[in-house]
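First comes the structure, then the notes that go with it.
Derivation of every value follows stated rules applied to the coordinates shown; laboratory data play no part. These numbers were taken from a predicted model, which means no experiment stands behind them. Because the Cβ atoms are built from the backbone with ideal geometry, glycine has one as well, and the counts that use them run over all protein chains shown.
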Protein chains: 2
Amino acid sequence: MKKAPTIRDVAAAAGVSVSVVSRVLNPDSGPVAPAKRQEVVRVIDELGYRPRAAARELSAGHALTIGLVVTDLSNPFFARLADRIVWEARSHGVQVVLMTTQEDPHLEAESLDTLLDRSVSGVIATPTGGNIEKWARLQDLGVNVVFVDRTIEELGDADVVSIENFDSAQRSTEYLIGLGHTRIALVTGPLSTSTGRARISGYRAAHESASLPVDPLLIRDVPFRGDAGGDAVGSLLAMPQPPTALIVANTAQVQSSVRRLVQKGVRIPEDLSVIVFDDNPWTELMSPPLSVIRQPLDMLAVHAIELVLGRMQGRLPEGPRLIEVKADFLPRNSCAPLAQTAIR
Amino acid sequence: MKKAPTIRDVAAAAGVSVSVVSRVLNPDSGPVAPAKRQEVVRVIDELGYRPRAAARELSAGHALTIGLVVTDLSNPFFARLADRIVWEARSHGVQVVLMTTQEDPHLEAESLDTLLDRSVSGVIATPTGGNIEKWARLQDLGVNVVFVDRTIEELGDADVVSIENFDSAQRSTEYLIGLGHTRIALVTGPLSTSTGRARISGYRAAHESASLPVDPLLIRDVPFRGDAGGDAVGSLLAMPQPPTALIVANTAQVQSSVRRLVQKGVRIPEDLSVIVFDDNPWTELMSPPLSVIRQPLDMLAVHAIELVLGRMQGRLPEGPRLIEVKADFLPRNSCAPLAQTAIR
DNA sequence: ACCCGAAGTGGAACCGGTTCCACTTTTGTA
DNA sequence: TACAAAAGTGGAACCGGTTCCACTTCGGGT
């Protein structure tokens, strides 16, 4: 186990001072004579020298690193989001430190502290909704915060990237209404999140423009983790007058909800028409293939990274940005007209 | 945007020297009078002081960080693995820097360089198979390397955690043979990986003990990325005498393979019996639910972390360790006796 | 009362980069 | 040819921790 060379080793071997090596390492930080530059480059290559990130960070005061704080990587939604973000970050030479919260504010708080210790220059997160002061403190210390998929109302000056929640919920609801359905259930995110509320609004708006009444019992706001989606589905099916259509607008709960449907032997779409908010290849492989609101994860990731890096480089207007990405509706075969639906 | 306090601020506010504060921060690094310890703790809390990780790393020479290098997080196998590893790492106070290789040795090489710059104390990876010298160099510089799911033969002294490849392939093959199948196709990983070879051996062994011949054309070793699995399936189906059963023993290619089956309108298990190596909730939600070799990701993750941390703390015997975890076979409804299979 | 070792403390070097600044050497221009 | 501006260079401080070591203080044993 040998020791890696340092900048002073390089300087000595090239017969120059560390200043010169540093200037070679960071172009535009000062002049270097072409001959010396070449020699330094040669020595660097010969010794296999690589600058230690820790040293750089210490003197710079911040790291070329961003934190990614998501609920849970075993959920394909977050996993794919993470994948895109890691990919985009790398192409900009930025590393990603990954933390999961399991939707637990305590774990989230711990993660934020750790990221602060690491002097990350940005954080991309799907926040739990708690830790308002902690998030504020983070921003206060100059960390660029971007929320994806959800907002925290109390945090006015954070950037947010999400899909068009209102619009997506409205469109999927309208589609089902167009098929003749009147009892449409909605499983969505917690009311404490902007996302959850916006989707409910879209759902209501669709009902209103069709002059249909809204049965509040058909709306279920459930947490992002655990088996809450499945439980909501179970309870919906057990209603005296069960729904004939279901929109699962809580991406993290799609799997749980669908599992419950399968377990209960519900036939799709003969018994129940289903639309889910998801972007998961498996939805297409089911029989029938599920109709989905496709979350454009690539776009979410790209915008999130753009925001973080843009702020890092100070090339972005001051105020907080809200970016809403259009989500595609992909009708497949999990929805049928009400006339062809078996009412129990 | 204010500035975070440093250890010197704390020392000044508590009326002690930085040495004392440092000793309070790191118990067992030296004596501190109880009264002063208490005062220092109070000041730390009051100022909200947190030690900068970069400073620590610089002087320690290595970071409390491990690198996780996987193919692709949009693949549920790697995503779930990452999830468990992040979780286990956190519980030991270790952070995880995530990098993806897309199975491209160049990207892998770049990742390793970056991790080296960061002075990570360990790397957990699903290696591409290339970059032998780079991996060796990493180990040479004192980085603990643990491979998951695959080995690199040329790298004798790396720890490896994987499932019992030979055994798993053998059992699934025997199961199908038991159902009467004689033309069983195998889609597995590249021959350049130990995993790929071991699974083929298991497959062959099952044939031998049943005195069945092996048709080499039924064995397809395909890369971990791209749509190679689907293509292999397409080509298998187009054979003059196509297989009546299929084992997809390349977790990264399960989705691609199944998609192709669905696209081609192959009925499971009426036309083809299927077993896949996977640990993905969606396999259960398909109709029919797929029979799987369940990869015990939790176990893989726990062992990987144990190895890395164990080596970091120097409390592990010298030589490289190979840990094989038993994988469960979960028969569901995607396999039928040959007698009930439609031969085209 | 005396001495020795342990407990407690702070000063300063060190880790490996970046950056400021003073200094020397070129260049360009009048 | 003279002299200011620009290019090139290296010394040293600095970032924020850890750690070694010298020094002081205290306690206990004889």
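Could you give log10 I(q)/I(0) at q = 0.13, 0.16 Å⁻¹ for region A:7-51, computed by the Debye formula over C-alpha point scatterers of equal weight, without solvent?
Here log10 of I(q) over I(0) equals -0.21, -0.32.
What is the calculated FRET efficiency for A:Leu47 to B:Ala35, with r their C-beta to C-beta distance and R₀ = 41 Å, to the nearest 0.05?
Working: r = 50 Å, r/R0 = 1.23.
The pair A:Leu47/B:Ala35 has a calculated efficiency of 0.20.
Once the Cα atoms of helix A:254-263 and of chain A are each reduced to a long axis, what angle between those two axes, in degrees from 0 to 90 to the nearest 10, is obtained?
40
So for each of A:183-194, B:14-25 I average, over its residues, the number of other beta carbons within 10 Å; can you give me the resulting order with the highest mean first?
On the way: A:183-194: 22.7, B:14-25: 17.9.
Most protected by this proxy first, the peptides run A:183-194, B:14-25.
Taking only C-alpha pairs under 8 Å that are 6+ residues apart, what is the relative contact order of region A:7-51 in percent? Don't skip to the answer; put the middle values down first.
Working: 35 pairs, mean separation 18.5, N = 45.
After rounding, I find 41 percent.
Sticking with the crude label model, points 7 Å out along Cα→Cβ, report the distance from B:Ile132 to A:Arg321 in nm, one decimal please.
4.7
Any idea what % of Cα-Cα pairs in region A:48-140 are farther than 19 Å?
That fraction is 44 percent.
Considering only A:Gly142, A:Thr244, A:Pro127, whose Cα is most displaced toward the positive end of the charge dipole of the protein assembly as shown, charges sitting on Cβ of Lys, Arg (+1) and Asp, Glu (-1)?
A:Gly142
Please turn the phi angles of region A:139-149 into ³J(HN,Hα) values with the Karplus equation 6.51 cos²θ - 1.76 cosθ + 1.60 (θ = phi - 60°), one per residue in order, whole Hz, x for glycine and proline.
For region A:139-149, the Karplus-derived couplings read 5, 4, 8, x, 7, 7, 10, 10, 9, 10, 6 Hz, x marking Gly and Pro.
Go ahead and estimate [θ] at 222 nm for chain B from helices alone: -39,500 (n - 2.57) per DSSP H run with n ≥ 4, summed, over the residue count, rounded to 500. Show your work: numbers first, answer last.
On the way: 13 runs with 147 residues, N = 344.
Result for chain B, helices only: -13000 deg cm²/dmol.
Tell me the angle of helix A:194-209 to the major Cα principal axis of chain A, expressed in degrees between 0 and 90 and rounded to the nearest ten.
Between helix and principal axis, roughly 30 degrees.
Along the three principal axes, how long is region B:1-115 when you take its alpha carbons, biggest first, rounded to the nearest angstrom?
Each principal axis gives a Cα extent; for region B:1-115 these are 56, 33, 24 Å.
Go through B:270-280, B:231-241, A:90-100 and give me the packing order, highest mean Cβ count within 10 Å leading.
Going from most to least packed, we get B:270-280, A:90-100, B:231-241.
Hey, got the average number of other protein chain Cβ atoms within 10 angstrom for residues in B:2-10?
The per-residue average across the peptide is 2.
Could you check the simple spin-label distance between B:Gln139 and B:Met1, using points 7 Å along Cα→Cβ, in nm with one decimal?
The answer from the label model is 4.4 nm.
Counting Lys +1, Arg +1, Asp -1, Glu -1, what net charge surrounds A:Ala14 among other residues with beta carbon under 13 Å of its beta carbon?
On the way: positive: A:Arg8, A:Arg23, A:Lys36, A:Arg37, A:Arg42; negative: A:Asp9, A:Glu39, A:Asp45, A:Glu46.
Its environment carries a net charge of +1.
For chain A, what is the largest minus smallest coordinate of the Cα atoms on each principal axis, given in angstrom and ordered from greatest to least?
Reported extents, whole Å, longest axis first: 87, 39, 33.
If you average the sequence gap of Cα pairs under 8 Å that are 6 or more apart and divide by the length of chain A, what percent do you get for the contact order? Mind showing how you got there, number by number?
Details: 609 pairs, mean separation 54.5, N = 344.
After rounding, I find 16 percent.
Nearest 10 degrees, 0 to 90: what angle lies between the long axis of helix A:228-237 and the longest principal axis of chain A (Cα atoms)?
Its long axis makes an angle of about 10 degrees.
Using only atoms on other chains, find how many Cβ atoms lie within 10 Å of each Cβ of peptide B:138-144 and report the average. Before the final figure, lay out each step's value.
Working: counts 0, 1, 3, 4, 4, 1, 0.
Mean number of neighbouring Cβ atoms from other chains: 2.
Roughly how many nanometres apart are two label points built 7 Å out from the Cα toward the Cβ at B:Leu212 and B:Phe329?
Inter-label distance under the simple model: 1.1 nm.
With a/c under 1.5 counting as rounded, go ahead and sort region B:216-288 into rounded, prolate or oblate using the C-alpha gyration tensor (a ≥ b ≥ c being the square roots of the eigenvalues; past the cut-off, prolate if a/b is larger than b/c, else oblate). Please report the intermediate quantities before stating the final value.
On the way: a/c = 1.67, a/b = 1.12, b/c = 1.49.
Verdict is oblate for region B:216-288.
Take the Cα pairs of region A:158-250, get the Kirkwood Rh, then feed it into Stokes-Einstein at 25 °C and 0.890 mPa s and tell me D in µm²/s.
Working: Rh = 13.4 Å.
Once the numbers are plugged in, D ends up at 183 µm²/s.
Among residues other than B:His303 whose Cβ falls under 11 Å from its Cβ, what is the net charge (Lys/Arg +1, Asp/Glu -1)?
On the way: positive: B:Arg84, B:Arg321; negative: B:Glu88, B:Asp159, B:Asp298, B:Glu306, B:Glu324.
Around B:His303, the surrounding residues sum to -3.
Over the alpha carbons of the protein assembly as shown, what is the largest minus smallest coordinate on each principal axis, giving the biggest first in Å?
Reported extents, whole Å, longest axis first: 78, 69, 56.
To check you understand DSSP bridge types, tell me what percent of the beta bridges within chain B (both residues inside) are antiparallel, rounded to 5. Don't skip to the end; give the middle numbers.
Numbers: 3 of 39 bridges.
Percent antiparallel among DSSP bridges in chain B is about 10.
Among B:75-87, A:1-13, how do they line up by average Cβ neighbours within 10 Å per residue, starting with the highest? Please list the in-between numbers first.
Details: B:75-87: 25.1, A:1-13: 15.0.
The packing order, highest mean first, is B:75-87, A:1-13.
Count the DSSP beta bridges whose two residues both fall in the protein assembly as shown, then state the antiparallel fraction as a percent rounded to the nearest 5.
On the way: 9 of 82 bridges.
If we restrict to bridges inside the protein assembly as shown, about 10 percent are antiparallel.
Using only atoms on other chains, find how many Cβ atoms lie within 10 Å of each Cβ of peptide B:92-98 and report the average.
On the way: counts 0, 2, 0, 10, 5, 7, 12.
Average per residue, whole number: 5.
Rounded to the nearest 20 Debye, what is the dipole magnitude of region A:27-141 about its Cα centre when Lys and Arg each give +1 and Asp and Glu each give -1 at the C-beta?
Numbers: 12 positive and 16 negative charges, 124 e Å.
Dipole size: approximately 600 debye.
Could you work out how far the C-alpha centroid of region B:74-98 sits from that of region A:119-150, in angstrom?
About 21 Å separates the Cα centre of region B:74-98 from the one of region A:119-150.
5 Å is the cut-off here: which amide hydrogens, built 1.01 Å from N in the peptide plane, fall below it relative to A:Asn144, excluding neighbours closer than 5 in sequence?
A:Gly122, A:Val123
Calculate, for A:Ser201 and A:Asp113, the FRET efficiency according to 1/(1 + (r/R0)^6) with r their C-beta to C-beta distance and R0 51 Å; round to the nearest 0.05.
Values: r = 35 Å, r/R0 = 0.69.
Computed FRET efficiency for A:Ser201 and A:Asp113 comes out at 0.90.
Around B:Pro320, what is the net charge, scoring Lys/Arg as +1 and Asp/Glu as -1 over all other residues with Cβ under 9 Å from its Cβ? Walk me through the numbers before you get to the answer.
On the way: positive: B:Arg321; negative: B:Asp157, B:Asp159, B:Glu318.
The answer is -2.
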